[in-house]
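These notes concern the structure reproduced below.
The values are calculated or read from the model by the stated rules, or taken from the named source; none is laboratory data. Bear in mind the structure is a predicted one, so any value in this text is a computation, not a measurement. A quick note on method: Cβ atoms are made from the backbone with ideal geometry, for glycine too, and the neighbour counts reach across all protein chains shown.
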Amino acid sequence: MYWASRFRYYLFRNCVDHLIDGSNLIPKRNAKHLFRKQIFEAWGHTCAYCGAPADTLDHVKPRHKGGATVACNLVPACRVCNRKKGSEDWQEWFTRQEYWSEERVLKIQGWLTDLTFDDKK
């Protein structure tokens, strides 16, 4: 199951118009919904930074700094954290927060590296 889940994320990262899951073709709209849902579920619908209920996805490396909209660059975030972090480097911003914890840093770092396979740039 673990490898199937990782493979599914890999497919989502490389999906343009649809996703092939087993023998089923999933339309782009459904693939996007499933993509977001799986990220939220992987984090228990909680903010990766503060632990509050998450309702947005944050680009850990901001898009305008070259970050892509791929699973390995997205974490669930509450609106407050997402807005406060903005386009800052996540580690610099996170170390200044009162809810900083090494456990959360390790979990985020694990997420960023666990899903990148061999094509990390």
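What the table shows:
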| item | result |
| --- | --- |
| Flag if V60 is touching a helix residue (DSSP H, G or I) at 6+ places or on another chain (Cβ under 6 Å) and in contact (Cβ under 8 Å) with a residue 24 or more places away in the chain | yes |
| Residues (surrounded by fewer than 13 Cβ atoms within 10 Å (Cβ to Cβ) and either modelled with pLDDT under 95 or of a type in the set (K, R) (or both)) located in region 44-68 | R63, H64, K65, G66 |
| Count - residues of region 87-98 that are modelled with pLDDT of 95 or more and in a loop (DSSP other than H, G, I, E, B) | 3 |
| Complete set of residues in region 99-121 that are part of a loop (DSSP other than H, G, I, E, B) and either surrounded by 11 or more Cβ atoms within 10 Å (Cβ to Cβ) or at pLDDT 95 or above (or both) | Y99, W100, S101, L115, T116, F117 |
| Residue pairs meeting the criteria (Cβ under 6 Å; at least 6 apart or on separate chains; first touching a residue at least 60 places away in the same chain (Cβ under 8 Å) and part of a helix (DSSP H, G or I), in region 67-86; second among the polar types (S, T, N, Q) and surrounded by 15 or more Cβ atoms within 10 Å (Cβ to Cβ)) | C72/T116 |
| Residue match in region 34-43 (condition: surrounded by 12 or more Cβ atoms within 10 Å (Cβ to Cβ), in contact with a strand residue (DSSP E or B) (Cβ under 8 Å, 6 or more places away or on another chain), modelled with pLDDT of 95 or more and not in a helix (DSSP H, G or I)) | yes |
| Filtered residues of region 50-66 (kept if assigned to a loop (DSSP other than H, G, I, E, B) and not acidic (D, E)) | C50, G51, A52, A54, V60, K61, P62, G66 |
| Positions within region 13-33 being at pLDDT 55 or above and part of a helix (DSSP H, G or I), in sequence order | K28, R29, N30, A31, K32, H33 |
